[in-house]
Each structure stands twice: as structure tokens, then as C-alpha cells.
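So the structure is just underneath, and the comments pick up after that.
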Protein chains: 2
Amino acid sequence: MSIAARNVSEQLVDQVRARILNGTVAPDRPIRQDALAAEMGVSKIPLREALARLEQEGLLASQANRGFTVRPLTAVEAEEVYALRLKLEPETIAIAARLADAGEQQAASDLLDQLDSLTDSGGEGVGAFNRAFHLALLRPAGRPVTFTILERLHVLSERYVRKHLEPLGRNERANEEHREMLQAWLARDERKICALTVVHIGKTLDDLRLQLQTESKGPPG
Amino acid sequence: MSIAARNVSEQLVDQVRARILNGTVAPDRPIRQDALAAEMGVSKIPLREALARLEQEGLLASQANRGFTVRPLTAVEAEEVYALRLKLEPETIAIAARLADAGEQQAASDLLDQLDSLTDSGGEGVGAFNRAFHLALLRPAGRPVTFTILERLHVLSERYVRKHLEPLGRNERANEEHREMLQAWLARDERKICALTVVHIGKTLDDLRLQLQTESKGPPG
DNA sequence: TGCGATAAAATCGTATACGATTATAGGATA
DNA sequence: TATCCTATAATCGTATACGATTTTATCGCA
């Protein structure tokens, strides 16, 4: 029933991305290709293809003959990523609200339900479901180039959220905003979903700024 | 003097991209990896890494066990790419105008001179220099994520321009707009460079639309 | 002790080799 | 003739092997 068969290198893209997002692979330290490949039960060949793709996604950096490293997080990059989301997401999400069919609407609803129950159980992976929900609201716009860009911006965002906001625990503000957004989106209220999206991204960025400031002043390590 | 040593796979990215842009590799037909690698004098390993990167750039598509194909050009994609450029470029180019240092200003001027003389001599590769000029106006903004996105959008744009507009010959309108843009950009006139950029992208899109329409009606092949 | 040079080890990047999958050609049958 | 089936060839994707480069360790010497 799977739509597309995937070869090893493409599966590795998801697996390694997940490790980067949850911090299993530390920033700035070189990625040992043989070791990581062995750990994944494959050779370097497909792993290197996956790493090349992840570099294109903006998660890794590489130097000739020195391999790949996870790119470090910076406040400047966070600002840029959120600024781009603010430029692109509101219009896209409005178009998606207009065009979404019943299946896509169901998918979005389901993802928010899953995200909620995962939030309640306090499980790992809230970040991934959060991203999946947001992307489900964007995909029906039928703008593949825009969507790919937003997919990547959400991946980059998620690094900051998981590192700096998720540790704070349950985020009631975000949960409520998600419900409101879904409601407006399902109702195809383009004005409202647009406005709610601006607020949601803006508030998340505010939280992030506050936390980055707090952390930079607080612990010396 | 070269800033960064590049391994074979990264050089191949540029070489294969150039082939895609000039049409040497045809859309939709599968890319024969062994043959292309042999032609480039390398093995499939670095070639496949390059192809994976180019797929991430949006130039190629892949199917498991069937390899890579060049993505076809569509009017819908052209519209989307230009819409994205209109959303992102004006603000970015204004910031770049504000921040550009003397070296970056010189680089932009030089590139436009080269583009002009190449236009006069009617040589191949006008498209590449056109892209290099535009990117030189954007790079000094100091927004690496935005810049990478714009780099890719310009690559996608270039496919359409080279296929549908360059064959028409010398484009005096674009040449004049480039001069005006450079002037405003060097003068750090943010309002003006912003407005000129909107016009330039918009008019190029208009030309493209016209040509796409004409071609779709004209030759049956 | 600290520093520079050399040797050894580790790691990267790519060529070769090969099993797995897909595409093509050649009949056999309706 | 058209269609299905099988055999063959072509191609893909990955494991292994190995030279090239970088990193680490060792030593001599100020």
C-alpha cells in the first residue's frame, strides 16, 4: 500500500534528521561516517548521500576531506527562519484552507488530535507531530516549491523549539492557538487563518527570544 | 587563493547543473549514471551524491531503483517561482544595498560589465552571468538562509529564461533595468532598488507568460 | 615545560565489484 | 495481429577496498 518504495539512502535522510533534531548528534562535532553507518547497519555510500541531502536542507555543514558537522544553533538564524516563515506561511495557509479536500481536512484534524494526546502523555516527539500538523495545513495549497521551502524552514525551526521551548513543558498557549487555527482553516476562513498564523508564529518567536535571552544570562555553561 | 577546496562530488554539482540549465540533459529521460560518470571521468559514487543534491535543489526527480530524471518545465512552476521571488527579493535586495561593502559593490559592478559585454558578443552563458549578477546584489544582505532559497529560485528561473527568452536574442529592456538597478543599489537607495526589483521580476515574468502562450499556440511539436 | 617536526593512526572520498531490480527482446498462444 | 510469458540485457543501489588527506601521538630539542 506504500505509495513509493524508498531506497536505503532516502530512509537514512529521515533517520539522521531525527537524530539531529533530538540532539543525538551534537553540533560542530564531526560525524564519523563509518561509525554512524555501522550503527545504522549500512555502508558509508548511502549514508553519505543522505548527509549530502541534509546539508542541502541546512542541517549540516561540510568541509572537503573533513566531512560533515551539524550546524550550530544561533539566535540570528532563528530570527531569519521565523522572518521567512512570517513572509511565506500566512498566504500559503490561506490558499490551502481554500483548496483542502475532505481527506486533507481529516488528516489535519487527526494530526492535531494525535499532537494533543501526545502532549497530554508528555511523550517524546511532540516536536515532530507539531511540524506534521503545521505542514498538513500548508500542503493542500498545491504549491510544491513553496511547500518544500516551508518544510525545510519548519525543520530548522524545530531545532530551536525542541532545544529551548519543549524542555519548559506543556505549552497551553500553543495548544489553544492550534485549535483555533484548525477551526478557522476547516471553515475556510482565509482572513482568520491568516491572522492566527501570524500571531502563532510571532508568539512562538517571542517565547524563543525570551528563552534565548534567559539562557544566555543564566547558566554560564 | 581558493577559499575552499572542493571534492569531486561538489564539482559535479556545478557541472551537472550547468548541463541541465543549457539543456544538454533532457527532461523526463532517465539519467544513465554509468554513462554520465564515464563521460565526466569519474565513478558513480560522487555523481550520485551530486544528483542527490540537485534533486534537493528541485532540478531532478528520482524514483527508487529507477534513478534520476530532469524535472520538466511547466508554466505553473514558473508562476510559483516568480511569485516567491517577488515575495523575497525586494526586501532582501534593499537590505543588501544598505550593507554592501566596497568589495561587494565592486563585484556587482564588475559582474554587470561582464554580463553586458557577453550580451554584446552574443555568447553562450548569458543566463549564468545574469544569475551571478542578481545574486551579487542579494548576497550582502547577510541572510544565509534567505540567500540559499533565492539562489535556488534563480536556478529554477534560469531554466525558463534560457529556454523561452534567450532564444529571442538581445533583451534591451532587461539590460537597461539592470543598469538602473545597479545604480540605485550602489547609491543605497532602498526604496528605489526595491521598486525596480519588483518591476524587473514582474516584467520578466510578463515576457515569459507571453512567450509560453505564443509557443503553446504556435508550433504543434 | 613547551614547541616543532616526524611517524602512526584514523578518517575521508572515490573506484571497483556485485546482488537486486527494472527494462527489453523473443517467442508461444489465442 | 495482439498479448502474455519468459529469458536476457541493462541499469540501479550498496558493500567492499584502497589511496589520499587529516588528525593524533611520539619524540627531539630549546
Checklist outcome for this item: Restricted to region A:60-70 and to residues being in contact (Cβ under 8 Å) with a residue 24 or more places away in the chain and either away from DNA strand C (no atom under 16 Å from the Cβ) or more than 10 Å from chain B (Cβ to nearest Cβ) (or both), the residue farthest from A:Asn22 (Cα to Cα) is A:Gly67
Checklist entry - So which of B:Ala94, B:Ala100, B:Ala108 ends up being closer than 27 Å to A:Leu150 by Cα and aliphatic (A, V, I, L, M)? => result B:Ala94
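If you scan region B:1-27, which residues turn out to be assigned to a loop (DSSP other than H, G, I, E, B) and away from DNA strand C (no atom under 12 Å from the Cβ)?
Initial filter on region B:1-27 (assigned to a loop (DSSP other than H, G, I, E, B)): B:1-7, B:22-26.
Correct list: B:Met1, B:Ser2, B:Ile3, B:Asn22, B:Gly23, B:Thr24, B:Val25, B:Ala26.
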Item to check | Checklist (1) surrounded by fewer than 17 Cβ atoms within 10 Å (Cβ to Cβ); (2) at pLDDT 95 or above; (3) part of a helix (DSSP H, G or I); (4) not charged (D, E, K, R) applied to A:Ala61, failing item | outcome: (3)
Item to check | Residue check, A:Ala97 assigned to a helix (DSSP H, G or I) and under 30 Å from B:Val13 (Cβ atoms) | outcome: no
Checklist outcome for this item: Every listed condition ((1) closer than 24 Å to B:Val76 by Cβ; (2) modelled with pLDDT under 95; (3) not acidic (Asp, Glu)) holds for B:Leu118 save (1)
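May I ask you to verify whether A:Ser9 is polar (S, T, N, Q), in contact with a Leu (Cβ under 9 Å, 6 or more places away or on another chain) and within 16 Å of DNA strand D (Cβ to nearest atom)? Don't jump to the end; show me each part of the working.
Numbers: polar (S, T, N, Q): yes; in contact with a Leu (Cβ under 9 Å, 6 or more places away or on another chain): yes; within 16 Å of DNA strand D (Cβ to nearest atom): yes.
For A:Ser9, the condition - polar (S, T, N, Q), in contact with a Leu (Cβ under 9 Å, 6 or more places away or on another chain) and within 16 Å of DNA strand D (Cβ to nearest atom) - is met.
So that you can scan it fast, the table gives a plain yes or no per residue for (1) aliphatic (A, V, I, L, M); (2) touching a residue at least 40 places away in the same chain (Cβ under 8 Å):
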residue: B:Leu111; (1), (2): yes, no
residue: B:Gln114; (1), (2): no, no
residue: B:Gly127; (1), (2): no, yes
residue: B:Leu137; (1), (2): yes, yes
residue: B:Ala141; (1), (2): yes, yes
residue: B:Leu153; (1), (2): yes, yes
residue: B:Tyr160; (1), (2): no, yes
residue: B:His178; (1), (2): no, yes
residue: B:Trp185; (1), (2): no, yes
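In the set B:Ala52, B:Ala26, which member is on the phi < 0 side of the Ramachandran plot and either touching a His at 6+ places or on another chain (Cβ under 8 Å) or without any contact (Cβ under 8 Å) to a residue 24 or more places away in the chain (or both)? Walk me through how you get there before you give the answer.
Values: B:Ala26 fails: either touching a His at 6+ places or on another chain (Cβ under 8 Å) or without any contact (Cβ under 8 Å) to a residue 24 or more places away in the chain (or both).
After ruling out the rest, the residue left standing is B:Ala52.
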Item to check | Within region B:54-74, tally of residues that are within 19 Å of A:Ile45 (Cα to Cα) and within 14 Å of DNA strand D (Cβ to nearest atom) | outcome: 9
Item to check | Residue in region B:28-48 that is in a strand (DSSP E or B) and either surrounded by fewer than 22 Cβ atoms within 10 Å (Cβ to Cβ) or in contact with a Lys or Arg (Cβ under 7 Å, 6 or more places away or on another chain) (or both) present | outcome: yes
Item to check | Among (1) in contact with a Ser or Thr (Cβ under 8 Å, 6 or more places away or on another chain); (2) away from every other protein chain (no Cβ under 14 Å); (3) more than 18 Å from A:Arg162 (Cβ to Cβ) - the single one A:Gly103 does not satisfy | outcome: (1)
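Here is a yes/no grid of residues against (1) within 11 Å of chain B (Cβ to nearest Cβ); (2) polar (S, T, N, Q); (3) more than 26 Å from B:Asn65 (Cβ to Cβ):
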position	(1), (2), (3)
A:Val8	yes, no, no
A:Val13	yes, no, no
A:Arg17	no, no, no
A:Val25	no, no, yes
A:Ile31	no, no, yes
A:Glu39	no, no, no
A:Lys44	yes, no, no
A:Arg48	yes, no, no
Item to check | Hits in region A:30-47 - residues which are within 10 Å of DNA strand C (Cβ to nearest atom) and either closer than 25 Å to A:His154 by Cβ or assigned by TED's automatic domain parsing to the domain that holds A:Leu153 (or both) | outcome: A:Ile31, A:Leu36, A:Leu47
Checklist entry - Which one is nearest to the other protein chains (Cβ to nearest Cβ) among residues in region B:122-174 that are closer than 22 Å to A:Glu57 by Cα and in contact with a His (Cβ under 7 Å, 6 or more places away or on another chain)? => result B:His154
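The values are calculated or read from the model by the stated rules, or taken from the named source; none is laboratory data. Everything numeric here is computed off the predicted structure, so don't read it as measured data. Cβ sites come from the backbone with ideal geometry, for glycine too, and all protein chains shown count toward neighbours.
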